[in-house]
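One structure is given here, and the rest of the page talks about it.
The values are calculated or read from the model by the stated rules, or taken from the named source; none is laboratory data. As the structure is a computational prediction, the values presented were derived from the model and not from experiment. Every residue, glycine as well, gets a Cβ built from its backbone with ideal geometry; the counts of neighbours run over all protein chains shown. Just the protein is used for accessible areas: all its heavy atoms, side chains included, with ligands, DNA and RNA removed. Shrake-Rupley method; radii C 1.70, N 1.55, O 1.52, S 1.80 Å.
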Amino acid sequence: MAEKTRYSDEELQEFKELRSDENDPLFDKTNMLKKEFPSDFRQIRYFTLLIVQSAPTEIKELNLLEQQISEVIKNAVKHGNHCDINKKVTVWYSFSATHAHIIVQDEGEGFQDLEKWNEFNKKRLECLHNNDFMQLADYVSFRTKESDSQDGGNALFAALEYWNGGFVYNDKKNGVAMLKRFQQKRHGVTIDGE
């Protein structure tokens, strides 16, 4: 049997992690549009479409942008505001041919398990890297005491990969700012985004 390789501490530090820093430039709302929504779980797709409709066609990526924004709004409605129709979700957004910049904030207590999620994700990625699929079974779904049968932390795994310009929480952890950079194509030549 081949010996399993382990990540070095330096390699583990290179993993993308959730972080909180409300002074991050991604929280700059200058020139961003703003919408507020009640925490109505049944209306999440509609709220998402109201935002995404202003994005240029070339960055909609076969609905990936819509799906990612929807997941963040869903987390704010469900986990932040606990579907309390009297609580609002506020979304600031800006789109161009080279970027999607979104800030979503709810009225909840914030994601207090951020550090636990990072540790869970680090172990999950280490299992993947080491092809340790038996151990990986323990890291399929991130659960907290408030999780229900539909929760698994999978939206956060995808978000860290999708939002390539950053994904950061405010200090209270009830708001998250994210940036997706898109490569711009001109005359068949790909040009790096802003």
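Observations on the structure shown:
- At an R0 of 30 angstrom, the distance between the Cβ atoms of GLU17 and LYS87 translates into a FRET efficiency of 0.60.
- Förster radius 25 Å - calculated FRET efficiency between ASP24 and LEU128, Cβ distance, rounded to 0.05: 0.35
- With all protein chains in place and a 1.4 Å probe, the accessible surface of the chain carries 47 percent carbon and sulfur.
- Gyration tensor verdict on the stretch 51-132 (Cα atoms; rounded if a/c is under 1.5, prolate if a/b is larger than b/c, oblate otherwise): oblate
- Solution diffusion estimate, µm²/s, Stokes-Einstein, the chain, Kirkwood Rh from C-alpha pairs, 25 °C, viscosity 0.890 mPa s: 136
- 20 Å reach of a label modelled at SER54, 7 Å along Cα-to-Cβ, counting backbone N of the stretch 82-116: 88-106
- The packing ranking of peptides 70-83, 132-145, highest mean first, is 70-83, 132-145, where packing means the average number of other beta carbon atoms within 10 angstrom of each residue.
- Stretching GLN67 away from LEU136 to a fully extended chain increases their span by 22.3 nm, per 0.36 nm per residue minus the current alpha-carbon distance.
- The stretch 90-157, Cα convex hull volume normalised per residue, Å³: 136
- Averaged over residues, the count of other Cβ atoms within 10 Å places the peptides 41-49, 26-34 in the sequence 41-49, 26-34, highest first.
- Residues of the stretch 150-169 falling in the label zone of GLN183, defined by backbone nitrogen less than 15 Å from a point 7 Å along Cα to beta-carbon, are 164.
- Note on LYS145: lysines with a C-alpha under 19 Å away, same-chain residues under 8 apart excluded, are LYS74, LYS78, LYS116, LYS173.
- Modelled label reach - LEU33, point 7 Å along Cα→Cβ, the stretch 67-96 residues with backbone N closer than 13 Å: 91-96
- Heavy-atom surface of the stretch 43-104, accessible at 1.4 Å and reported per residue (Å²): 44
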